[in-house]
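In what follows, a structure is listed as structure tokens, so that the remarks can point back to it.
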Amino acid sequence: MERQSNLADLVSNAVNGAQVVDLHTHLFAPQLTGMNLAGIDELLTYHYLIAEVLRFESVTPEWLLSQPKSVQADLVWQSLFVDRTPLSEAASGVITVLSAFGLDPQSKNLREARAFFSARDPVSHLDEVLRIAGVDHVTMTNDPLDPLERKSWDEKPEIDSRFLSALRIDPILNDWPSSFKSLRSNGYDVSVDLDDQDVAEVRRFLDDWIGKMRPRYLAVSLPDSFSYPEDSQRNCLIRSAVMPTCREHALPFAMMIGVRRQVNRRLAGAGDGVGLADLTAIERLADDHPDNRFLVTTLARENLHGLCVVARKFANVLPFGCWWFMNNPSLVEDTTLMRLEMLGRSFVPQHSDARILEQLIYKWSHARRSIARALTTRYEALEDSGRVITKDDVKRDVTALMSGVASEWLGLTC
């Protein structure tokens, strides 16, 4: 019992003290103006909590989503935090954030929290959030087809060095019949047919934005129905544009697989669901393109074991994070333990997927507990087998898991 307690404390202290490279978020550097979300009203109107409050309150999604954010936030707070115990992970995360700033998590209203966040200087607030969360680098999600974001990049901002860019290409890969119009309006000679000329123009578009953004990877969120190979515009673009572009620029291709969009259309952004994907698509991609590197995460728990098997067979595939509906402490611990058992430390255990700045605090605080418990379990098994775990072992492994592997794949150690 003494060994377990000492080992658990050693691992917990190491994980809690480690600085993190956050591989995937929806946050933005301050220089990308008008895009950052922060504060108590944003935290409480996070789409997880919107979906949750509608399970308890007799209001329609249409009514709730038509209200000002302050009204939505007041209803969420009253319903999920005052009238009920905030048991869900999304709700308890808000409690973690409030506690981190010394705010009363049992307040009957939001007056104190609103006054606190509204008085904060944005620059110093960002610094404090990153310090509390223990995050060194934040990887953004950057869509050059978004007019507001494109305008910010065209102004050639000097991006805060703690924020890394990632070139997101969902519209191009998932909806070519619509996205080609956006490309045309931005000076690229493309058509709906997607012929050789169109592919060449897509490559020119990618090259142009790689030059502007200096991204650390290209990324796409894919449905559960994603298949490769198949005769589709998406696969044509992946094979003929994305793969050669990633090779040329030495960039990984990140695929987040398994989302089913708008299963409840009335919930808008809160209405997406999960589906089981066919991971033979990853096998074929990794096998057909051995000189490309693939960052992969899946939305369905049932896919995660299969993804570990794929990664064991293809060193150019790196599982990362517990994405979206998988970002619950029990699932993070279970998934991390399985990955340690199957892959050693050759994976990235978590990314925050944060959409609101302060979410970095709770998502990393909660993830660290789960990661530490999983790592302790493996160390105890090793010691039972006869291998003594030293402080140097723990430090080396924790550094790799929390920042080292991600840094290597993002080119931060080069």
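The values are calculated or read from the model by the stated rules, or taken from the named source; none is laboratory data. None of these values were measured; they are calculated from a predicted model. All Cβ positions, glycine included, derive from the backbone under ideal geometry; neighbour counts span all protein chains shown.
Observations on the model:
- Condition check for A367: touching a Leu at 6+ places or on another chain (Cβ under 6 Å), surrounded by 16 or more Cβ atoms within 10 Å (Cβ to Cβ) and either part of a helix (DSSP H, G or I) or at negative phi (or both): no
- Yes/no for R284 being exposed (fewer than 15 other Cβ atoms within 10 Å of the Cβ), touching a residue at least 40 places away in the same chain (Cβ under 8 Å) and either in contact with a Leu (Cβ under 7 Å, 6 or more places away or on another chain) or farther than 30 Å from L44 by Cβ (or both): yes
- Taking the range 97-190 and the helices (runs of 4 or more DSSP H) fully enclosed by it, the elements with 1 or more residues that are exposed (fewer than 14 other Cβ atoms within 10 Å of the Cβ) and in contact with a Lys or Arg (Cβ under 9 Å, 6 or more places away or on another chain) are at 147-154.
- Of the residues making up the range 12-63, those that are among the small types (G, A, S) and under 15 Å from L126 (Cβ atoms) number 3.
- Filter result for A73 (over 24 Å from G321 (Cβ atoms) and surrounded by 15 or more Cβ atoms within 10 Å (Cβ to Cβ)): yes
- Criterion violated by S92 - all others in (1) farther than 26 Å from I371 by Cα; (2) among the small types (G, A, S); (3) in a helix (DSSP H, G or I) satisfied: (1)
- Some residue of the range 398-409 being farther than 27 Å from P252 by Cα and either in contact with a helix residue (DSSP H, G or I) (Cβ under 9 Å, 6 or more places away or on another chain) or crowded, with 22+ Cβ neighbours inside 10 Å (or both): no
- Single residue of the range 266-279 satisfying the filter (in contact (Cβ under 8 Å) with a residue 40 or more places away in the chain and out of contact with any helix residue (DSSP H, G or I) (no Cβ under 8 Å at 6 or more places or on another chain)) that is surrounded by the fewest Cβ atoms within 10 Å (Cβ to Cβ): D278
- Residue match in the range 372-379 (condition: in contact (Cβ under 8 Å) with a residue 40 or more places away in the chain, in a helix (DSSP H, G or I), within 30 Å of I95 (Cβ to Cβ) and touching a His at 6+ places or on another chain (Cβ under 7 Å)): no
- All of (1) over 14 Å from S227 (Cα atoms); (2) in a helix (DSSP H, G or I) hold for D291 with one exception: (2).
- Taking the range 24-40 as the range and being in contact with a Pro (Cβ under 9 Å, 6 or more places away or on another chain) and either surrounded by 21 or more Cβ atoms within 10 Å (Cβ to Cβ) or farther than 18 Å from E128 by Cα (or both) as the test, the residues that pass are A29, L32, T33.
- Pairs with Cβ under 9 Å, 6+ apart, first in the range 150-171 and over 11 Å from K212 (Cβ atoms) and touching a residue at least 40 places away in the same chain (Cβ under 8 Å), second surrounded by fewer than 18 Cβ atoms within 10 Å (Cβ to Cβ) and of a type in the set (A, V, I, L, M, F, W, C): L164/L412
- The residue of the range 1-59 that is farthest from W153 (Cα to Cα), among those that are touching a Phe, Trp or Tyr at 6+ places or on another chain (Cβ under 6 Å) and in a loop (DSSP other than H, G, I, E, B), is G39.
- The range 208-231: number of residues that are free of Cβ contacts under 8 Å to residues at least 24 places away in the same chain, over 21 Å from N186 (Cα atoms) and out of contact with any helix residue (DSSP H, G or I) (no Cβ under 9 Å at 6 or more places or on another chain): 1
- Qualifying residue in the range 142-161 (condition: under 30 Å from N235 (Cβ atoms) and among the aromatic types (F, W, Y)): yes
- Residues of the range 34-64 that are under 17 Å from F117 (Cα atoms) and at pLDDT 95 or above: L37, A38, G39, I40, D41, E42, L43, L44, T45, Y46.
- Residue check for N292: touching a Cys at 6+ places or on another chain (Cβ under 6 Å) and either surrounded by fewer than 22 Cβ atoms within 10 Å (Cβ to Cβ) or within 20 Å of P252 (Cβ to Cβ) (or both): yes
- Pairs with Cβ under 7 Å, 6+ apart, first in the range 387-414 and of a type in the set (D, E), second surrounded by fewer than 19 Cβ atoms within 10 Å (Cβ to Cβ): D397/R345
- Options D193, D208: the member that is surrounded by fewer than 16 Cβ atoms within 10 Å (Cβ to Cβ), part of a helix (DSSP H, G or I) and among the charged types (D, E, K, R): D208
- Out of V263, V220, V199, sole residue that is at pLDDT 95 or above, of a type in the set (A, V, I, L, M), surrounded by fewer than 19 Cβ atoms within 10 Å (Cβ to Cβ) and within 30 Å of D334 (Cβ to Cβ): V263
- Residue identified as farther than 20 Å from N174 by Cβ, assigned to a helix (DSSP H, G or I), out of contact with any His (no Cβ under 6 Å at 6 or more places or on another chain) and of a type outside the set (S, T, Y) among C246, C322, C308: C308
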